[in-house]
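A.B. asks: Just passing along the structure, written as structure tokens.
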Amino acid sequence: MHRRNSRRNSRRTSRRTALALSSAALVAVPLLTACGNEAPHPGAAAVVGSERITVSQLQVRVNEVRAAQRAATGNGRQYEQAIAKSGGLTRSTLNSMVFDRVLHQAATDAGIGITRKQIQDHEAEMARQAGGAKQLRLALLQQYNVAPQRVDEMSRTDLEVLALGKQVGADMQSQNPADQAPFWKALDQASKKLNVDLNPRYGTWDIAKARGRADAKTPWVREVTAAGAEGKQPM
């Protein structure tokens, strides 16, 4: 009986782990809304601080996901279904790219630095709970359109979310927006500092709109926090 319960708990943990590494993909979704087609910076999908995210760079990231989906499913009906489930991939990918940079700026401003070892340890723990690195990569691809070569970046994002929330005194497990407010305030300040500027074809960037939508943004945050606590990740 004990062994059967252990296996059941392990499966639950694996599912929770797969959800935990969802930060960049999910948090940015409500931040962008459709706009016009005139680009303020020709050739750029977005400008974040002094960094240009070019349309070509964005397309490379999208192609990484499509190639991974094709490798995982083949070219038949399963691949078509994967494409259908990941509609809006270009916009959501740009969301993630911008969010990662804003989060990193907020973490840097708070004096947070994530080491390579922390990233490796965090990823190893997530893979262990998911039943292996292959299972983790597949779960991230299927659920959050994360290409296998981007798992390290997702791991760093998770660690920065955990560390920043702790540093600014935010309760990231709470569903009350007021408890999470310090975290989103830090991101808002970082966004203004970086003066995020999107090509209007992809929408507009507005942290304030997302901050008021706890129902849309908090589930992944609670899962990231819980998984980080279980793994006893160093900060």
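The values are calculated or read from the model by the stated rules, or taken from the named source; none is laboratory data. Here the structure is a predicted model, which is why all the values come from computation and not from measurement. Using ideal geometry, Cβ is built from the backbone for each residue, glycine included, and neighbour counts are taken over all protein chains shown.
A.B. asks: Across the stretch 163-180, which residue is surrounded by the most Cβ atoms within 10 Å (Cβ to Cβ) among those that are on the phi < 0 side of the Ramachandran plot and modelled with pLDDT of 90 or more?
C.D. replies: Of the stretch 163-180, the ones on the phi < 0 side of the Ramachandran plot are 163-168, 170-180.
Filter again for modelled with pLDDT of 90 or more, leaving 163-168, 170.
Values: A163: 21, L164: 24, G165: 21, K166: 17, Q167: 18, V168: 17, A170: 22.
Ranking the qualifying residues of the stretch 163-180, first place goes to L164.
A.B. asks: Is there any pair linking a residue in the stretch 134-152 that is within 19 Å of Q120 (Cβ to Cβ) to one that is of a type in the set (A, V, I, L, M, F, W, C) and surrounded by fewer than 21 Cβ atoms within 10 Å (Cβ to Cβ), with Cβ under 7 Å and at least six apart or on different chains, and which?
C.D. replies: These pairs meet every condition: L136/A127; R137/V151; L140/V151; D152/I119.
A.B. asks: Among what's in the stretch 52-96 and is within 17 Å of T204 (Cα to Cα) and not in a helix (DSSP H, G or I), pick the residue that is modelled with the lowest pLDDT.
C.D. replies: The initial filter retains those residues of the stretch 52-96 that are within 17 Å of T204 (Cα to Cα), namely 52-55, 58, 88-96.
Okay, now just the ones that are also not in a helix (DSSP H, G or I), so 52-54, 88.
Numbers: R52: 95, I53: 96, T54: 96, G88: 85.
Looking at the filtered set, the residue picked out is G88.
A.B. asks: Among the residues of the stretch 161-180, is there at least one that is under 30 Å from A71 (Cα atoms) and part of a helix (DSSP H, G or I)?
C.D. replies: Taking the stretch 161-180 and keeping what is under 30 Å from A71 (Cα atoms), we get none.
Taking every residue of the stretch 161-180 in turn, none turns out to be under 30 Å from A71 (Cα atoms) and part of a helix (DSSP H, G or I).
A.B. asks: Something else now. Which is part of a helix (DSSP H, G or I) and β-branched (V, I, T), of V151, V146? First the steps, then the outcome.
C.D. replies: On the way: V146 fails: part of a helix (DSSP H, G or I).
Exactly one residue qualifies, and that residue is V151.
Every residue, every condition in (1) touching an Asp or Glu at 6+ places or on another chain (Cβ under 6 Å); (2) within 18 Å of R61 (Cα to Cα); (3) surrounded by fewer than 20 Cβ atoms within 10 Å (Cβ to Cβ), yes or no:
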position: L103; (1), (2), (3): yes, no, no
position: A110; (1), (2), (3): no, no, yes
position: G113; (1), (2), (3): no, no, yes
position: R116; (1), (2), (3): no, no, yes
position: A124; (1), (2), (3): no, no, yes
position: R128; (1), (2), (3): no, no, yes
position: G131; (1), (2), (3): no, no, yes
position: P148; (1), (2), (3): no, yes, yes
position: M154; (1), (2), (3): no, yes, no
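A.B. asks: Which one of these is more than 23 Å from T93 (Cβ to Cβ) and either out of contact with any Lys or Arg (no Cβ under 7 Å at 6 or more places or on another chain) or of a type outside the set (A, V, I, L, M, F, W, C) (or both): K134, K166? Break it down into steps so the answer makes sense when it comes.
C.D. replies: Numbers: K134 fails: more than 23 Å from T93 (Cβ to Cβ).
Exactly one residue qualifies, and that residue is K166.
A.B. asks: Could you give every pair whose Cβ atoms fall below 9 Å, whose first residue belongs to the stretch 111-122 and is over 19 Å from R150 (Cβ atoms), and whose second residue is surrounded by fewer than 17 Cβ atoms within 10 Å (Cβ to Cβ) and hydrophobic (A, V, I, L, M, F, W, C), counting only separations of at least 6 or pairs across chains?
C.D. replies: Every condition considered, the pairs that remain are I112/M235.
A.B. asks: Could you look through the stretch 42-51, keep only residues that are in a loop (DSSP other than H, G, I, E, B) and either modelled with pLDDT of 95 or more or small (G, A, S) (or both), and pick out the one that is surrounded by the most Cβ atoms within 10 Å (Cβ to Cβ)? So that I can check it myself, show each step before the final result.
C.D. replies: Filtering the stretch 42-51 for residues in a loop (DSSP other than H, G, I, E, B) gives 42-43, 49-50.
Still in the running and either modelled with pLDDT of 95 or more or small (G, A, S) (or both): 43, 49-50.
Numbers: G43: 10, G49: 14, S50: 7.
So, considering only residues that are in a loop (DSSP other than H, G, I, E, B) and either modelled with pLDDT of 95 or more or small (G, A, S) (or both), the one surrounded by the most Cβ atoms within 10 Å (Cβ to Cβ) is G49.
A.B. asks: While we're here: Regarding Q149, is this residue modelled with pLDDT of 90 or more and closer than 28 Å to S50 by Cα? Lay out the reasoning, then the answer.
C.D. replies: Numbers: modelled with pLDDT of 90 or more: yes; closer than 28 Å to S50 by Cα: yes.
Yes; evaluated as a whole, the condition is true for this residue.
A.B. asks: Condition first: crowded, with 18+ Cβ neighbours inside 10 Å and not polar (S, T, N, Q). Can you find one or more residues in the stretch 69-79 that meet it?
C.D. replies: So far as the stretch 69-79 goes, no, none of its residues is crowded, with 18+ Cβ neighbours inside 10 Å and not polar (S, T, N, Q).
A.B. asks: Return only the number of the condition from (1) at pLDDT 90 or above; (2) in a loop (DSSP other than H, G, I, E, B) that A39 does not satisfy.
C.D. replies: The one condition A39 does not meet is (1).
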